[in-house]
Structure formats: C-alpha cells, structure tokens
1. So for the stretch A:9-28 (the condition being under 30 Å from B:Val166 (Cβ atoms) and aromatic (Phe, Trp, Tyr)), does at least one residue qualify?
2. Report, by residue number, each residue of the stretch C:84-105 that is open to solvent by 10 Å² or more (accessible area, probe 1.4 Å) and closer than 24 Å to D:Glu158 by Cα.
3. In the stretch B:93-109, is there at least one residue being at pLDDT 95 or above and assigned to a helix (DSSP H, G or I)?
4. Among (1) touching a residue at least 12 places away in the same chain (Cβ under 8 Å); (2) over 20 Å from A:Val248 (Cβ atoms); (3) within 14 Å of chain D (Cβ to nearest Cβ), there is one condition A:Ser45 misses while meeting the rest; what is its number?
5. Could you say whether any residue in the stretch D:64-83 is under 23 Å from D:Glu14 (Cα atoms) and within 14 Å of chain A (Cβ to nearest Cβ)?
6. Would you pick out the residues in the stretch A:224-264 that are over 15 Å from the mean Cα position of the chain (by Cα) and among the small types (Gly, Ala, Ser)?
7. Please determine whether any residue of the stretch C:242-254 is without any contact (Cβ under 8 Å) to a residue 24 or more places away in the chain and over 26 Å from C:Leu192 (Cα atoms).
8. Please count how many residues of the stretch D:113-162 are within 8 Å of chain C (Cβ to nearest Cβ) and part of a helix (DSSP H, G or I).
4 protein chains.
Amino acid sequence: MKPCLHPSIVDTNELEAYLDLAVQCGYEWVDVPLHWLHQEVERTSSSRVEAMFQSRRLRLASFGLPVDLYADEADYVRDLALLPERVAFAVGLGAVRCTTFLWPSIDERPVPYASRLARRLRQCAVALMPHGVRLGLEYVGPHHLRNRAYPFVQNLAELAIFLEAVGAPNVGFLIDSFHWYTAEESTDDLALLKPEQIVHVHVNDALEEPSLAHDQRRCLPGDGRIPLASFLRALYEAGYRGPVSTEVLHQEPLAGSNAERAQTAFERLTQMIANVKGDC
Amino acid sequence: MKPCLHPSIVDTNELEAYLDLAVQCGYEWVDVPLHWLHQEVERTSSSRVEAMFQSRRLRLASFGLPVDLYADEADYVRDLALLPERVAFAVGLGAVRCTTFLWPSIDERPVPYASRLARRLRQCAVALMPHGVRLGLEYVGPHHLRNRAYPFVQNLAELAIFLEAVGAPNVGFLIDSFHWYTAEESTDDLALLKPEQIVHVHVNDALEEPSLAHDQRRCLPGDGRIPLASFLRALYEAGYRGPVSTEVLHQEPLAGSNAERAQTAFERLTQMIANVKGDC
Amino acid sequence: MKPCLHPSIVDTNELEAYLDLAVQCGYEWVDVPLHWLHQEVERTSSSRVEAMFQSRRLRLASFGLPVDLYADEADYVRDLALLPERVAFAVGLGAVRCTTFLWPSIDERPVPYASRLARRLRQCAVALMPHGVRLGLEYVGPHHLRNRAYPFVQNLAELAIFLEAVGAPNVGFLIDSFHWYTAEESTDDLALLKPEQIVHVHVNDALEEPSLAHDQRRCLPGDGRIPLASFLRALYEAGYRGPVSTEVLHQEPLAGSNAERAQTAFERLTQMIANVKGDC
Amino acid sequence: MKPCLHPSIVDTNELEAYLDLAVQCGYEWVDVPLHWLHQEVERTSSSRVEAMFQSRRLRLASFGLPVDLYADEADYVRDLALLPERVAFAVGLGAVRCTTFLWPSIDERPVPYASRLARRLRQCAVALMPHGVRLGLEYVGPHHLRNRAYPFVQNLAELAIFLEAVGAPNVGFLIDSFHWYTAEESTDDLALLKPEQIVHVHVNDALEEPSLAHDQRRCLPGDGRIPLASFLRALYEAGYRGPVSTEVLHQEPLAGSNAERAQTAFERLTQMIANVKGDC
C-alpha cells in the first residue's frame, strides 16, 4: 500500500511536469487521465511516453475505462472494439487497473438501466482479461447526487449485489474514502472484502458531515473528519496492497501550491500507511 | 407447432386420467406440474411414470424451474444443488424446456432484486446446459399485478433487456398470449424474435380489454378477443415450431366438462395452426 | 428409449418413402442425413419438410454436425457462421442432438490435432447452446481403422479425457454398440456415465470377433454376437431414455427388402428395450 | 522492458541478501521461488516479506504456478483449492504473472496427456482471473529433452496451438531465449505475437549450436551466440514492456561472484534494451 498522485490535486495538465512532481514528492504510482497520455503520444510517440514513466520509475496506477457505457449501441460497440488497443497501451505504462464509476441515481428506469449496464461492463471485463487488467467499479456516496428520479448504486453493499448481475471474475470495487464516508459505512463493511475484490482506492477527506458533504468539496487527506487511519487499516487488513490515490475533487481552488499539496498528501498518506503496517 | 394440454383447463390432479384425456383429444404434448410427477414416482416408480408417457406417445412440453429464486441464499443453493437430478428426470419424459415467470412489480428495490435474480437465473441456466434444456422466462402483463412498489418486467421489450443481465445463451422467452395482449404488444414485437429465443408458448384468451383483463379470468383460446391467429402466425413466422400450451388461469370454474374443454382447445388450436401454416 | 430408423439399413435416398417406411414399421424417431433434408427443402420448402415429419408424428433424432472440422481455418469459420441457421432448421424437425465422430488414428501429429479439434468442437458447442442442442461425439472402435500414424481416440475412456480438452457443458458421447464391442469394453464402462452425458446411441451387430470386426461389415441388431441386451440395459440404467438408432454400415448389400430390415430392426429393438425395462 | 534478477545466477537461498543484491545492481524486478517466500513468511510474517520488497522498491516479476499439474486428481484438486490464497500473497508482492513450463516430450500417450493438462491449466487460469494474474506457459527447446516416448510441445507454434485446447483468455507465453534458440525459431516467429500474449520473458545465452545446447549449460546473456539483441527487439516490437529475467540454468558453477554476475547481467540487459528502444 503506497500513495498514488492523482491529478485532481495538481493544477496542471502538462504530463512531464506532473510526473516530475510525483517523483520529487516520492510517489511511485500516478493516476493520469488517458487523454493526457493520448495527447502526449500524438505530440511525441508512445515509446516516448513509456520512457517518461520508466525513467522516473513511475507506474500508471489505473486508467479510466475508455468506453462510453451510456452511448447508443453502435457507439458503444465501436468503443468496445477499440478497447484492446487502448488497454495494451496503458498496460505498457504499468497499469493493471481500469476503473469507472456508477451513478448513485438515474433518470432512466432502473431495471433496464442496470441490465444493459451489467452486460456492457461484463463485455468490457472480458476484453480486459487477456491483458490481466481488473475493472474496479466505484460507488458514489454524496447525498446531493441522489437527486435523480431513481436510486441506482449508493453504497458498497448495493455495489456488491450489482456485481452479481455483472458476473465477471475480474470485476471488483474502487473504494473511495469520500463515498465510504458519505454512504455512512463502517470499517466492518470493508473488512468483509477479499483482497482481489479491491481493485483501486481513492483517499481524500471531508469537512462536512456525511449527509451534507458535497462531491466537489473534498479536501486533502488529513484536513477533514473522515477517519482515514481506520479506513486504510481496514483495507490493509482485508489484504489490499496497491496504490491509494489522492483524488480530491473540488470546485474552489485548493490551498497551497501544486508542490505543497502533492508533498503534503504524500507525507500524510505515507505516515498513515506506516502506522497501519505497524499496527498490523 | 402443435397444441399442448395444460392442467389449468382440467379439474383433476390425477396424472393417469390427465394423460389419457390428452391422448383421447389428440394432444402429443402435455404440461404437467413437477409435483404431480414426483407424487406418482413416490407412489410407483420413475420407470412407471416414463412408461405412462411413452405408451401414450406423449411428451412433457416443459417443467417449472424447481428452484425458489427468492429464497434466502442457503435455501436457494440447496435447490440449485438438487436441480441436475430433477432436470434429468424431466428430460427422461421428453422435456427440453424449463420455465419460470417474472413478477411485473415488486416490493424490493429494483436494482438489487434484478441483480440477484439475474445471477441466480444464470446459475440455473448453467445447470441446465449439460441436459440440453433451455430456460424460458415469462413476462406478466395484467395491469392489476402492477400493484407493488416498483415495476420490474412488464413486457417483451423489458424482458429482452433483462436477459442482457442474465447473460446465459440458453435462456429465452416464454410467450403467453394473455401477457402479450395485456402488455398491448403487436405482432411486430414478436416478429423480431429469433427461433431459438422462443422457448415455450402459452395460448389463452381474454374477454376484457387489455388494461382490465385479470390474470385469473382467462378463457379458452377462441372464446375471447385476443387476435390469436395473428399471435400464432407471428410466432410461426419467427421460426417457433414447438408446443403451444393451453394455460387458462381462472378462479371461477370454466364451462363444460374436462373432456369438452380439452377437446375444444385442441380443435381450435389445431385449426388455427393449420391456417397459419396454410398462410405461410 | 425407443428405436430410431437409420438410413443405412434402407436402400433409398427418397425422403418421403423413407419416412413412410418408418411410420409403417412403428418408429417414432428417424435419423436423416442433412443433405436429404436440404435437397427436399430446395425442391419444395422447409414448411413442407416440417409437415412431412409432423404429419407422421416423426422426430429427427439427430443431425450430423454440418461443419468441416478438418478444413483450413477460413473454410471452418465459414461453416461455423452458417451453423446457427442450419441448427434452427433441424430443431424445427424435433432434433435436439447433433453428432460427429472422431478418427481412431490420424496422420497429423496428435497434440496439435487434438488441440485444434478441441477448440473447434468447443466453438461449435457454444453455437448449439442457444438452441438447446447437445453435441455427441462418437469414438470409433474397429481395429483396422487404427492404421494411421498415430492413435487418437479409440474408446470411451479416451473420449472421456478428450472431452476435458473440449470443455463445453453440452458435449457428450454418441455410444455405438459396434465401437463399444470392438473397443472391447464392458457394461461397467457404460454404467459410469451420467444420463446427460449420453447424447445419442447407435445399435448394430457384428459377426466377427472384436479385433477383426470391420466397420463396413455390420449386421442388424440381433444377427451377430454383440451382447446388445446387456448394452442397452447398461445405457438404460445409466439413465439414457432417448432414441437408439439402427446404424448398420455395410458394403455388401444387406439381406431382405428395405421394409423387412426396417421392420425386423424395429421389432427386435422394441423387444430388447421392453426386456430392459422389465428387468429394471 | 527492464531486467529482472533471477535466482539461478546467484548462489544463495537467503532472501534478504538476494533482494539487497538486486537493489545494489539496479534491478526493479526480481523472480523468487515461492518456497523461499513461504519459508520467510514462516520465519517472520507476510507483512515482513512485503516490507522487504517495498522498502527496496522491488517487485516480484512472476511466481511459479504452485499446483502439481501431473498429480493424481485428488492431489491436484487440493492444490487448486489452495491456489487463490497463494496467488493473493504473490500479488501482494507486486506479481501479475504466474508461470509454468511444458515438457517437450513425454512418456504418457499424447492425447490424454494434452487433454487433461489443458483442462487443468484452464482451471488454474480461471482461479487466477479474479486476481488479474496471467498464466505464462513456457515451451522447452533443447533437443536432448526430446528423449521421451512422444513429443509434446517443442516450440512457439506448437504452444500456440496447444493454447487453443486450454482456451482461457488470460493464458499466454513465457518466451525464453534459450528455448527460442534451440527450437531454431526466428524473430518473425516472435513478431506475430500480440503484446498481451507475452506474459514473461527469460533471457540467457548458449555457447553451443542449437541442436546441441544443453538445458543446464546456459550462460549469461552476452556470453554466447544467441542473437539476443534481435530477440529483445522482436519482443519489444511485438509490444512487450515487462521484465526480462536472467534465468541461467547451469550445473557447473558460473564464473565470478554473485555480485559480478548480477551486475554484469543487469548492465548488459540494460544496454541491449536501450539499444532496442533507440532503434524503435
């Protein structure tokens, strides 16, 4: 279990500067949007992008599933056909995790929505299998996002059941501390997971109480009230050993410079993880 | 496409008399509740029950999925473990179709309900595969059954999408004329089906208009207003060649004697099917 | 378990006469080469061919897998693409069994031969699944066919292991009494089978001892020395309840008229089956 | 593509010293026998072993499939049942590759041997799927190992066909330069591979000509006559970006000290890889 830099805490979209910052702060893992990577490949080459990671001993922790799961069937099928090549590229940067999130509420009727989505996620997961990539699904907790006509998946337990519909062996959870907190879940909920079910982890913090915390008002790990030490310990005890990524969504600018935030997050997470390991 | 006697139009639960009646009327197919068969096996033997079918050249058109899909997990798993033996018995009577129906509305929340059910149906379908048995799911149309908290699957189109969640190749549709009528569907809806998607067919009639027709007030094919000739022609044109079963659910006694009803249904269906074939 | 007429005992290739003969002798099942059926469809229509079966209450017991498993990949793939339509047609005639045989010896190297064949059989089996059709593989016993460079599959036990490579749930055995006899197997070998593993059965007889019996010198059931009563009893006890088909390969003309052979085979098999049931 | 230290070039079985040596030489990847790791876990704890890797920024490149594929069924099934826990442990050390080799010749009859092995490899691969681990199969080239009764898999092309029997999406190749050389294959043979098919790579060298090279007389990469630059370029061009492991099997002691060998191998491979990237 090691910290992973997430672009949300850095005001840049310049890949090389982002990777340099990661290295300077001590990160071994980075999350990077696929479109940054594709732009850099366009500008230079895929070998050059690989070299940017390897020369810094950085690995791509995960990549967002590059498929529009909600498109009409023709567009979805086109995305699905392009998936293997896109996965191979991400795997070349060290990635073994692919992620996407699920809406907590929806305007479409739930049964057809869930059924179609389950089939599409299963097809995507099958396309990931030859590459050894797992698909992590993220449930979304903030209550203000429950504003659509019907609830969909709002917590870990509901996602666990939805995974029965997906029915693919390489699909599991992306656990985000903000969603865990706003879904008002406990460490016991995390303790039930098997290590291979936890595909990826987001770590961030909240200033507000669970029912009021806004998805775009997150703060750096340690700046809020989420019991992150317990959160990380539960994941560690469940067997998770991968990256924990600093996804801090926000609308208002975060305090400090890019370097300060990246450094602070790294140090705090490193300390929390050290404590977890010391305890276990 | 040939008529199949369904026990709902015969006031008996005596297996041998039921089979005799089928033969006398000209049926080659019968639907029989599994528990009738199991009782007869208990009383005599499975060989004896097989002989009862073979000596009459009757085949079991289908059997109800002998699994409680809504039980708690332990009970469900026990049913699933018993499924292969029960399937083998039914196959010995000529069955290659297994069926179950889906509720049109439910009190549980739809996404977990649909997800769990999809997984269980998939597991049952996998257990049927070695036996060459397909699983037909029946959607239920009458509006008065839409009285639960949430809608589930109410028509052919919704079932088609739910089948994406199930995701097993040997699962298809049980098409019932009453549900097709009350769901206010057209022959065009049936024409889209591939032959292997139609696992079984129920034929019966309605006196009331679609929105008022009560699930337990069905009448014999030809006694009501459902355009059964068109219904059967659409299924035939879609490639269906199997039994069409006289499932006539009712609370009030049906008019006539057992023999009269069985004979009337046979003759009317035989005539309708002859017309369909003549047209095609 | 009921007799099935096989075209090998009838010197004709005229479909209607063949079906008439089946009915006259009392058969409910017939095996018919797919190319007879396709020719008749060409000449008349598929509806007409269906009517030829239904009006006689005959069912197609099985059809040969219409795929060249040994073709180069492009031709194989073309056959595979055409398979669903061909299966749907055969299913419309009542078929739920598809069969093919395996060579007992081969000139190609065994590992690539077995590997490619396993993959192709698996793909064919997957294409059969939506139709509820099982694939029965026939091992071939006569010793004179062990003349190629390498042995492949020569008996039930070897086929059972090869099925592990195939790895599809709807693939099982076609058991032929001639191969069982020439492979010098016992009823104990058959008793180990589960009912769903026995997809189809061929019944015929041999005049020669097992090591000398020639594949093309078979005789009618009861005219030779194969212990067919034991053979059928073992299959019945294993749970098989389907057709037993009179496949009597021969080069020299068989004695008697078509009608005499078809009638004799029917009566003998009917008697044997009655004895089996009486014993069990 | 980066060098991976393999224990075969180091005369030790002391885990910590081995990992220290890896770090000192600049390796980021190590191959380690699972039994070393299990012994260390026994002696200390799994957390301690994880810390030994993480504190050095080392990752476990691969682990040998901890299943006896040739055991009788009961023992095999027991191994298979233990597999998930063993995989989870290896994944905690960074592993995403599991490997096993195939014998080039065998004493058992090839078809049952290949069929059973294909089924077992498929089952193991299925157990690896939830962990995102791929299974790499290694073909074995040296001619002196073709001494058993029957040939099995002796080169890349034969392994490619055997993979059709295995039929699992997460199974691919472990490519070893010694086997590629002794199988007398070309870079064109490697160029046909898709990136995800190459699960792991062994790099070593040979002093003897292909037909004479002995499996246990390998030498350090660069000390022999295998065109390793071409070998690595072909793999790179095929899209492989993972570790290349210094598996140098030998009976006679290798020249130099552990540190000298590990350092030399690292430097040579690093230079070869740099050249490959420069060329591409």
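The values are calculated or read from the model by the stated rules, or taken from the named source; none is laboratory data. Please read these numbers as outputs of a predicted model, since none were measured by experiment. FYI the Cβ positions are ideal-geometry reconstructions off the backbone, even for glycines, and counts take in every protein chain you see. Ligands, DNA and RNA are excluded from the accessible area calculation, which covers all protein heavy atoms including side chains. Shrake-Rupley method; radii C 1.70, N 1.55, O 1.52, S 1.80 Å.
1. no
2. C:Trp103
3. No; the residues of the stretch B:93-109 include none that is at pLDDT 95 or above and assigned to a helix (DSSP H, G or I).
4. So the condition that A:Ser45 fails would be (1).
5. no
6. Matches in the stretch A:224-264: A:Gly224, A:Ala229, A:Ser230, A:Ala234, A:Ala238, A:Gly239, A:Ala255, A:Gly256, A:Ser257, A:Ala259, A:Ala262.
7. no
8. 9
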